[in-house]
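Notes follow once the structure below has been shown.
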Amino acid sequence: MNLSFRQCTISDLDTLVIISKDTFAAAFEKDNDPADFQDYIQNAFSPEKLNKELENPNSIFYFVFDDETLVGYFKLNTGTAQTDVHDKNAMELERIYVVQAYQGKKIGAQMLSEILNLVRKLKKAYVWLGVWEHNPKAIRFYQRHGFQKFGEHPYYIGEDKQTDWLLRLDL
């Protein structure tokens, strides 16, 4: 597998909307109320919302390619773009998704390695993220890579209040 990483720009908006909706739905649709879930997807990954996120200087999106095929993406936040911690010495890994057809091929591990390289280049002390408490596969993945739980926060899918574990990795 020959992975490459490219920072997204405004010209990538349409593709970002599609991959965001598709990967989130593949991961979580089956576990949520259909009406709540569709409302969430339409709002969280609307072109207007993602455009604002792309324009935020404290947020960075990357597409991940296997040769020419888009196989995943991730989003990093620093400074005021962080959703919870707001520590200038930290970076938030807000999203990391692999297209369903490419899961199980160690792409996530390679993405995480690239993310950690980016975080180190920006001289951050640690990276943190939120992961749904009912996503044991993801929790195990992060724990295998050294992340440790340091808290929890609520996460809403429509009216459904869920709990995310907050995990961090000190660098």
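Values in this text are rule-based calculations from the coordinates and carry no lab data. Source: prediction; values computed, not measured. As a convention, Cβ positions derive from the backbone with ideal geometry for all residues, glycine included, and neighbour counts pool all protein chains shown.
Numbers at a glance
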| item | result |
| --- | --- |
| Relative contact order (%) - the chain, alpha-carbon pairs under 8 angstrom, separation at least six | 19 percent |
| Karplus-derived HN-Hα couplings along the stretch 54-64 (A = 6.51, B = -1.76, C = 1.60, θ = phi - 60°), whole Hz, x at Gly and Pro | 5, 7, 6, x, 9, 10, 9, 10, 10, 8, 10 |
| Unsatisfied cross-links (Cα-Cα over 27 Å) in the set K30/K88; K75/K161; K75/K123; K21/K124; K30/K123; K52/K137 | K30/K88; K21/K124; K30/K123; K52/K137 |
| 5 angstrom amide H check on C8, placed H, neighbours 5+ away | F61, Y62, F63 |
| Packing rank of 98-111, 151-164, 66-79, where each peptide gets the mean count of other beta carbons within 10 Å, highest leading | 66-79, 98-111, 151-164 |
| Spin-label pair F141/K123, simplified geometry with 7 Å Cα→Cβ offset, distance in nm | 3.2 nm |
| Under Karplus coefficients 6.51, -1.76 and 1.60, residue-wise ³J(HN,Hα) of the stretch 90-103 in Hz, glycine/proline x | 10, 10, 9, 8, 7, 9, 8, 9, 10, 4, 3, 5, 10, 6 |
| GNM top mover of R95, R140, R120 - the chain, alpha-carbon springs below 10 Å | R140 |
| Sequence-distant aspartates and glutamates (8 or more away, or on other chains) whose Cα lies within less than 18 Å of K149 | D84, D87, E92, E94, E133, D164, D170 |
| For Y126, distant residues with modelled amide H under 5 Å away | M91, L171 |
| Part-to-part distance (alpha-carbon centres) for the stretch 95-171 and the stretch 1-67, which is given in Å | 16 Å |
| Amide H partners (placed H, <5 Å) of S46, local residues excluded | none |
| Residue-by-residue Karplus 3J(HN,Hα) for the stretch 121-134, coefficients 6.51, -1.76, 1.60, Hz, glycine and proline x | 4, 7, 6, 8, 7, 7, 10, 9, 7, x, 9, 4, 4, 9 |
| Candidate aspartates and glutamates - alpha carbon under 18 Å from K105, same-chain residues fewer than 8 apart omitted | D66, D67, E68, E114 |
| Per-residue [θ]222 nm for the chain (sum of -39500 (n - 2.57) over DSSP H runs n ≥ 4, rounded to 500) | -11000 deg cm²/dmol |
